[in-house]
Every structure is written in C-alpha cells, then in structure tokens.
Amino acid sequence: MAARFTGAVTAIRPFGPGHINETFLVESPTGDHILQRVNSTVFPDPAAVTANILTVYRHLGALMPEPVATPDGEWLVRDGSGAWRMWRRVDGAPAETPTQAALNAAGSLLGRFHALLANLDPATLTETLPGFHDPGRRLEALRAVIAADPCGRVATVPEEIGAALAAEPLVDLAAELSARVPRRVAHFDAKLDNVLFAGDAAVCLVDFDTLMPGAWFWDVGDLLRSGSTAAAEDEPDVDRVAVVPWRYRALLDGYRETLVAAGVSELAELEATEVAGAIVTYEQAVRFLTDWLAGDVYYRISRPAQNRDRARAQFRLLASMPVPT
Ligand code: GN1
Ligand code: MG
C-alpha cells in the first residue's frame, strides 16, 4: 500500500502508540512518511474525516503534517483491509519527560492552533463522530454496560463505578459550558502525545481524525489531562498518578497567554479552561471504564486489564484535578 503513495519504498515498520488506527513509518527515496489504516469501526466515514483534515490543512498551512496524495491525486486509498492515507513525517517526537518550557510551548502551540482556526467556519467541517465529547452520553453508555455486565466485570471495579456516579455533576457543568461558548473548529484529541517536539520547542500537532465542530475547551482539557501528570495513562500503580501543579500551570498559562494575545477568544472560553481538565479526565475515565466492562471492544490493549488500569488511573488523576469551588 505504501508504494501506491510514494512509488519506491526502502523500509516500513509499525509506528507510534495509537489506540485506534494502525500506523506505519515508511522510508522512501522522497523522504519519510507516515502511513495509516483508518479504523473503520471507529470512523465509519473515512472520506469525511479526510475532507475535514484537508479543509483545516488548507486553512492553516502550518502546525500540522502535510497530507500526501497518490500520484493520481487520491488522498484516501481503499483495499480489502480498509482505507489508507499518508502524511509527510515531521522532524519531531512526543516528549518523554517534558520540561516546564516544553509544556508551556505545548500550551502555546494549542493556543496558536485555535487562534488560526478562529476564522474558519465550523460549518465547513462534518461532525464525523456525533456527540464525541459529551460526558452525559458517555455516562449513559457506562450505565447501560453496568446493567448488562456482558463480561461479569462489574464486580472488579466497584470503586471506579462509585467514582463515576459521584462525579456526575461534571456532566451538567460540561453541558452548561458547551452552551455558553462559541462553536469552533477543534482538534478533539489534543493529548500531549499528539504534540511533536524538537527539544523544548513544540513543532506541530498530529492525529487529526477527530477534527470537528465543537468547543475549544475539550482540547485544553485533553492537554491538561494528559500533560499535567508524569504518570502513564495506564499506570497500574495509582499512587503515582497525580496532577503536578507546575506542569498544569505551564500548559494552561502557555495556552491562555497565546490565545489572549491573539485577541480571538471570548471570556466564557477562557473561564471554561479552568475546569476543562477535570471534565475531560472524567469523560476519559468513564470511556475506559465502559470499555473494560464491555470486554475491550473499543480501545486496543497490549495486556490484560489495561482498560481497567486506564480507568483507575484516570479516576485517580481526576481526584487531584483543580475543580470548581
Ligand atoms: C484515542 O487514537 P488515539 O489513541 O490517539 C481516542 C481519544 C482518547 C485517546 C486516549 C477516536 O486516541 O478520544 O482521548 O485514545 N480517539 C478516539 O488516549 O476515540
Ligand atoms: Mg486520536
């Protein structure tokens, strides 16, 4: 498949830690490329996903890797196994142990990304995964799987289920904020792993499949969820999972300073950033817990009980997230 895009291929190998798509690094005489097979269970309309990406790429012309077409001008190639697309590889990598400067730069990059998207009409993008960021819908799905208990796993996570139900006020808070802020174009998977760095400089964002119309605070929340702790998303030792205040501040200050300087945001959007970390951490915890109870049907796992550990770690993180008083 890689050759359909690049012609000659010198090497190809699996690449990156994604939970959804399959990703490969392709070396070719024209440079390094990233090839991906879109998970069509998760993304039923890869053509609409691709159209969203091209709309945003043409608008920005920066801060994201360049999509690559086949010599015939196709952005998406289907074969028996799915739909494939390619990007030019960017010189950069996710941060292993980000410094304060790197986190500040990541926040600032997201602020710049949002600022540049402020004048792109969200109606030009398709809502490819309706209700993607919607903790109320996610909690309903959790309740349904608890009731059905298809794998007999409910008894393995009483504390996590309790935490999910106890934090339900965050559902209403998210709905209130969503109603108050403008509809924008957002990334919708703006975790720290999706920021590439060269040293402490944040070079670009990656993983644009979830680009959709929606509120910006979901992106800020995802960056805070993923970047405010040094613990892995699936850390089995939950005592190691907590928000590190300087990390949290560096991310949020970087974001807010850049966005405010650009003069494009509304007050309600800036206010929403203060609770976005808690909201997105909660939503993600509920999603991982749901998948554990459902039998690991959504998120790819590389070891048993990984989704249980992911859920546990996210609930522990939530407990140390700044929340409204
Ligand atoms: C998934 O594809 P990947 O691994 O970057 C998920 C995100 C979650 C993330 C958690 C389409 O992203 O919503 O935040 O895992 N993407 C989709 O790491 O569900
Ligand atoms: Mg993703």
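Which strands (runs of 3 or more DSSP E) does region 1-112 wholly contain that include 2 or more residues that are open to solvent by less than 50 Å² (accessible area, probe 1.4 Å)?
So the answer is 22-28, 31-38, 82-88.
Scan region 279-301 residue by residue and report those that are among the acidic types (Asp, Glu) and either touching a Lys or Arg at 6+ places or on another chain (Cβ under 9 Å) or part of a helix (DSSP H, G or I) (or both). Can you show your working first?
First, the residues of region 279-301 that are among the acidic types (Asp, Glu): 283, 291, 296.
Selection gives Glu283, Asp291.
When the residues of region 188-205 are narrowed to those that are within 9 Å of ligand 2 (Cβ to nearest atom) and touching a Leu at 6+ places or on another chain (Cβ under 8 Å), which ends up most open to solvent (accessible area, probe 1.4 Å)?
Restricting to residues being within 9 Å of ligand 2 (Cβ to nearest atom) and touching a Leu at 6+ places or on another chain (Cβ under 8 Å), the top hit is Lys191.
Which one of these is touching a residue at least 12 places away in the same chain (Cβ under 8 Å) and closer than 25 Å to Arg138 by Cα: Val280, Val244, Val297? I'd like the intermediate steps shown before the answer.
On the way: Val244 fails: closer than 25 Å to Arg138 by Cα; Val297 fails: touching a residue at least 12 places away in the same chain (Cβ under 8 Å).
When all the criteria are applied, what remains is Val280.
Report yes if Gly162 is surrounded by fewer than 16 Cβ atoms within 10 Å (Cβ to Cβ), more than 16 Å from ligand 1 (Cβ to nearest atom), free of Cβ contacts under 8 Å to residues at least 60 places away in the same chain and at positive phi, otherwise no. Write out each step before concluding.
Working: surrounded by fewer than 16 Cβ atoms within 10 Å (Cβ to Cβ): yes; more than 16 Å from ligand 1 (Cβ to nearest atom): yes; free of Cβ contacts under 8 Å to residues at least 60 places away in the same chain: yes; at positive phi: no.
Here the answer is no, as Gly162 does not meet what is asked.
Just checking, does region 136-145 include any residue being small (Gly, Ala, Ser), open to solvent by less than 40 Å² (accessible area, probe 1.4 Å) and farther than 14 Å from Ala276 by Cα? Let's see the steps before the verdict.
Of all residues in region 136-145, those small (Gly, Ala, Ser) come to 136, 141, 144.
From the residues that got through so far, the ones that are open to solvent by less than 40 Å² (accessible area, probe 1.4 Å) too are 136.
From the residues that got through so far, the ones that are farther than 14 Å from Ala276 by Cα too are 136.
Yes, some residue in region 136-145 is small (Gly, Ala, Ser), open to solvent by less than 40 Å² (accessible area, probe 1.4 Å) and farther than 14 Å from Ala276 by Cα.
Is it fair to say Pro94 is outside the structural domain of Ala190 (by TED's automatic domain parsing) and either touching a Pro at 6+ places or on another chain (Cβ under 6 Å) or modelled with pLDDT of 95 or more (or both)? Outline the logic, then answer.
Working: outside the structural domain of Ala190 (by TED's automatic domain parsing): yes; either touching a Pro at 6+ places or on another chain (Cβ under 6 Å) or modelled with pLDDT of 95 or more (or both): yes.
Taking the combined requirement at face value, the residue satisfies it.
Can you find, within region 196-219, the residue that is nearest to ligand 1 (Cβ to nearest atom) among those that are under 10 Å from the mean Cα position of the chain (by Cα) and β-branched (Val, Ile, Thr)?
Checking each candidate, the answer is Thr210.
The values are calculated or read from the model by the stated rules, or taken from the named source; none is laboratory data. For clarity, every value in this text was computed on a predicted model and none was experimentally measured. Positions of Cβ are backbone-derived with ideal geometry, glycine not excepted, and every protein chain shown enters the neighbour counts. Side chains included, ligands, DNA and RNA excluded: accessible areas come from the protein's heavy atoms. Shrake-Rupley method; radii C 1.70, N 1.55, O 1.52, S 1.80 Å.
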